[in-house]
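The values are calculated or read from the model by the stated rules, or taken from the named source; none is laboratory data. Everything numeric in this text was worked out from a predicted model, so none of it was measured. Don't worry about glycine lacking a Cβ; one is built from the backbone with ideal geometry, like all the others, and counts go over all protein chains shown.
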Amino acid sequence: MQLGLIGLGKMGGNMRDRLRAAGHEVVGFDQNPDISDASGLQDLVGKLQAPRAIWLMVPAGGITESTIDALAPLLSEGDIVIDGGNSRFSDDGPRAERLAKSGIGYIDAGVSGGVWGKQNGYALMVGGSDADVARLMPIFQSLKPAGEFGFVHAGPVGAGHYAKMVHNGIEYGLMHAYAEGFELLEASELVTDVPGVFRSWREGTVVRSWLLDLLDNALTADPHLADLKGYAEDTGEGRWTVEEAIRLAVPMHVIAASLFARFASRQDDSPAMKAIAALRNQFGGHAVTKK
């Protein structure tokens, strides 16, 4: 099958390689001419046979919107646009409506797999019409891992990015549980081989996972993570997950706490903890540490 692919970064470039290895014809476009197969969007569209399918792997937000707006006038009725970035699910419906006025289909695809996807395959969560998703199944089948798992048609437009949002919220909670366990083991007077403990959990335990495998890799390279600063960004999905939990009145203690912990990681000198220290000093005369 033929596919246009916009954005050939860490994931997009690997997706192009995986699809080509499966026998698909992929025409990629990137702002970096050294890796691009087309000189621009018009050249990309011109190299594809109608009806076309064009997959976007660009940063969520303004770049995705501007790319779709620039691409749409170049497309024809029957073409399909797939957004594989981490867009907010609420952006998908309006995009689909705009494109539908010109007879252009739209699929939102949550993609998980990171830099390992080229080798292991990508977990795909897609939203869109039955007809559009069925047409793209040869592409989805080649991108997903081998076997029965790794793909879901989650529902109509927006469902794919919604599922990916919740996936990433769960990821926040899982990572933070491992992180807290690491900190406690590091503080223990008894445990002398913290990396060995995590490595031992990789088989036979109920906490084994790919994230655990990756933490083992990190601890093998740097047993005390001494070369890292305890600073973690969030890319939006965790916030959106918590916002949805509030909207739907769903208790979400773990994911919310893991999100707030990331905020705390960015504070060199926490204003909140300053207030706690001041209050303890005021009511109990507890000692405070001066700068």
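Key figures
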quantity: Residue check, Gly230 part of a loop (DSSP other than H, G, I, E, B), at pLDDT below 95 and either under 25 Å from the mean Cα position of the chain (by Cα) or farther than 30 Å from Val133 by Cα (or both); calculated: yes
quantity: Tally of residues being in contact (Cβ under 8 Å) with a residue 60 or more places away in the chain and either farther than 23 Å from Ser87 by Cβ or outside any loop (DSSP other than H, G, I, E, B) (or both) across the stretch 1-11; calculated: 3
quantity: Residues within the stretch 112-136 that are among the hydrophobic types (A, V, I, L, M, F, W, C) and either over 15 Å from the mean Cα position of the chain (by Cα) or not assigned by TED's automatic domain parsing to the domain that holds Arg20 (or both), tallied; calculated: 4
quantity: The stretch 24-39, residues that are exposed (fewer than 15 other Cβ atoms within 10 Å of the Cβ) and either among the hydrophobic types (A, V, I, L, M, F, W, C) or outside any strand (DSSP E or B) (or both); calculated: Gln31, Asn32, Pro33, Asp34, Ile35, Ser39
quantity: Test: residue in the stretch 152-165 that is in contact with a Leu (Cβ under 7 Å, 6 or more places away or on another chain) and either over 30 Å from Val250 (Cβ atoms) or small (Gly, Ala, Ser) (or both); calculated: no
quantity: Pairs, first within 16 Å of Leu5 (Cβ to Cβ) in the stretch 128-155, second of a type in the set (Val, Ile, Thr) and surrounded by 18 or more Cβ atoms within 10 Å (Cβ to Cβ), C-beta under 9 Å, six or more apart; calculated: Leu136/Ile80; Leu136/Ile82; Leu136/Ile107; Leu136/Val126; Ile139/Ile82; Phe140/Val126; Phe140/Val133; Leu143/Val111
quantity: Search result, residues across the stretch 112-127 that are farther than 17 Å from Asp83 by Cα and without any contact (Cβ under 8 Å) to a residue 60 or more places away in the chain; calculated: Trp116, Gln119, Asn120
quantity: Qualifying positions in the stretch 140-167 - more than 18 Å from the chain's Cα centre (by Cα), farther than 14 Å from Gly117 by Cβ and in a helix (DSSP H, G or I); calculated: Gln141
quantity: The stretch 112-132, residues that are modelled with pLDDT of 95 or more, surrounded by 19 or more Cβ atoms within 10 Å (Cβ to Cβ) and outside any loop (DSSP other than H, G, I, E, B); calculated: Ala123, Leu124, Met125, Val126, Gly127, Asp132
quantity: Scan of the stretch 1-16 for residues that are surrounded by fewer than 21 Cβ atoms within 10 Å (Cβ to Cβ) and either within 18 Å of Val45 (Cα to Cα) or touching a strand residue (DSSP E or B) at 6+ places or on another chain (Cβ under 9 Å) (or both), ordered by number; calculated: Met1, Gln2, Met11, Gly13
quantity: Within the stretch 236-260, tally of residues that are closer than 24 Å to Gly61 by Cβ and part of a helix (DSSP H, G or I); calculated: 16
quantity: Residues being outside any helix (DSSP H, G or I) and surrounded by 12 or more Cβ atoms within 10 Å (Cβ to Cβ) - total across the stretch 268-285; calculated: 1
quantity: Residues being over 19 Å from the mean Cα position of the chain (by Cα) and more than 13 Å from Phe182 (Cβ to Cβ) - total across the stretch 206-225; calculated: 5
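Matching residues to (1) exposed (fewer than 15 other Cβ atoms within 10 Å of the Cβ); (2) of a type in the set (D, E, K, R); (3) in the same structural domain as Ile255 (by TED's automatic domain parsing):
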site: Gly169; (1), (2), (3): no, no, yes
site: Phe182; (1), (2), (3): no, no, yes
site: Ser188; (1), (2), (3): yes, no, yes
site: Glu203; (1), (2), (3): yes, yes, yes
site: Tyr231; (1), (2), (3): yes, no, yes
